[in-house]
1. What are the residues whose amide H is under 5 Å from the amide H of Asn119, where those residues sit 5 or more places off or on another chain and H is modelled from the backbone?
2. Semi-axes, largest first, in whole Å: what does sqrt of 5 times each Cα gyration tensor eigenvalue give for segment 170-302?
3. Could you please rank Lys140, Lys327, Lys104, placing first whichever residue has the fewest other Cβ atoms within 10 Å of its Cβ?
4. Hey, which lysines would be in cross-link range of Lys225, C-alpha to C-alpha under 18 Å, not counting anything within fewer than 8 residues on its own chain?
5. Kirkwood-based Rg over Rh for segment 15-267 (C-alpha set), two decimals?
6. How large is the translational diffusion coefficient of segment 259-317 in µm² per second when you combine the Kirkwood radius over alpha carbon pairs with Stokes-Einstein at 25 °C and 0.890 mPa s?
7. Run the quick spin-label model on Thr359 and Lys164: label points 7 Å from Cα toward the beta carbon, then report their separation in nm to one decimal.
8. For Trp101, Trp139, Trp264, what's the fewest-to-most ordering of other Cβ within 10 Å of each Cβ?
Amino acid sequence: RIINFSAGPGLMPVSVLAEAGQSMASFSQGHGLMELSHRGKAFEAVLAETEADFRQLLAIPDGYSVLFMQGGATLQFSTVALNLVGADADAKCDYIVSGAWSAKAAEEAERLLGKERVNVVVSTKKSKHNGDIPALDQWKFSQKQAYVFYCDNETVHGVEFGNKFPFDAIPSNVPLICDMSSNILSGAIDVSKYGLIFAGAQKNMGPAGITVVIIRDDLLSPSRKCTTQPIPQLLDYNTYSTSQSMHNTPPTFPIYMCGLVFKWLKTEIGGLDQMSAINTAKSTALYNAIDGSNGFYVCPVSKAYRSRMNVCFLVNPKSPDAAALEKRFLAEAEAKGMVQLAGHRSVGGVRASLYNAMTLENVEILVAFMKEFQARV
Ligand code: PLP
């Protein structure tokens, strides 16, 4: 198979694809998977097992609901604002901006709620989101907070908080909201630290078309919602929590695929601690190759916040023909079967996305190519 370093939709475990292929033609009683009624017993069982495995993997405590929604992670930028701003006009929605996605989330909240309801606590925009996160004493939290929002892994810039996020700075009565689209299930987390976590599936979980939301049940209270405008039914978290995500036809195929990935994580990988160790080994191999290249490869992200999932780097940036060299690097990598290595169109450079399904062996093939390329050009 081609080695796919795409930032999303990302690659899937081969065994999952093989099993899904079989289910397409025949899954239950002569039906292919996509032909199942979402109200039938066979699909009900798929949904229940998918949720149960997800809960088990992340050790989601009682008192949290798991919702399967559509509209991608981008729609969550709107739903979070509408469902959690609350009625108190003095309370602000606090956003920590550490890259392109959290910036977009803050913009959408401003658009929906008005600038006066949104406060940017800290922003790394000036340093081009290079992971230079200012010290905590420079963060400007609001006096009264409706919630605090951050993105745990900024996919475009390769910046990840992980367990370096200053959880203690968030008062316990303020819900912490997190976009984990590009690093969910990359390792264990403590769900109880959060009010709400959401993640678009198409990086570490399954195909595009499904977004998983974990919400603490007290945040479903009507008192948390926006009171200045109606919330469309399908953007209201309660519509999903009261119907087991079955108010209307759910994305049956993506749910099934996520279920297979969860099984793969449980049985073939052995759980999230094992997954985390593999992810650390992969990203360490790549960052070591970059840092050990005497400046030929340069990662612009500050070391403390380098992402395990999206490794961004430049090819000999000091050289007068850096642009041509980068093009050549990408073309030669592609000729060797390593694709989707170009950085996001807004930042350029190289980006290797090392989602869960990427193997250490494949990362080592990239590292070997990088060394050989450097020695040759
Ligand atoms: N948040 C993060 C961290 C992402 O990486 C992405 C997509 O790459 C999004 C949000 C937007 O996701 P979607 O395209 O599913 O709306």
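1. For Asn119, the qualifying residues are Cys93, Asp94, Tyr95.
2. Values: eigenvalues 230, 82, 43 Å².
Equivalent-ellipsoid dimensions as semi-axes: 34, 20, 15 Å.
3. Lys140, Lys327, Lys104
4. Lys92, Lys115, Lys144
5. Working: Rg = 18.6 Å, Rh = 18.9 Å.
Here the Rg-to-Rh quotient is 0.99.
6. Details: Rh = 13.0 Å.
Translational D for this selection: 189 µm²/s.
7. Between Thr359 and Lys164, the simple spin-label model gives 3.1 nm.
8. Values: Trp101 23, Trp139 15, Trp264 19.
Listing Trp101, Trp139, Trp264 from fewest to most nearby Cβ atoms yields Trp139, Trp264, Trp101.
FYI, it's all coordinate maths here, none of it is from the lab. This structure is a prediction, so every number in the text was calculated from the model and none was measured. When we count neighbours, we look across all protein chains shown, and the Cβ atoms used for this are built from the backbone with ideal geometry, even at glycine.
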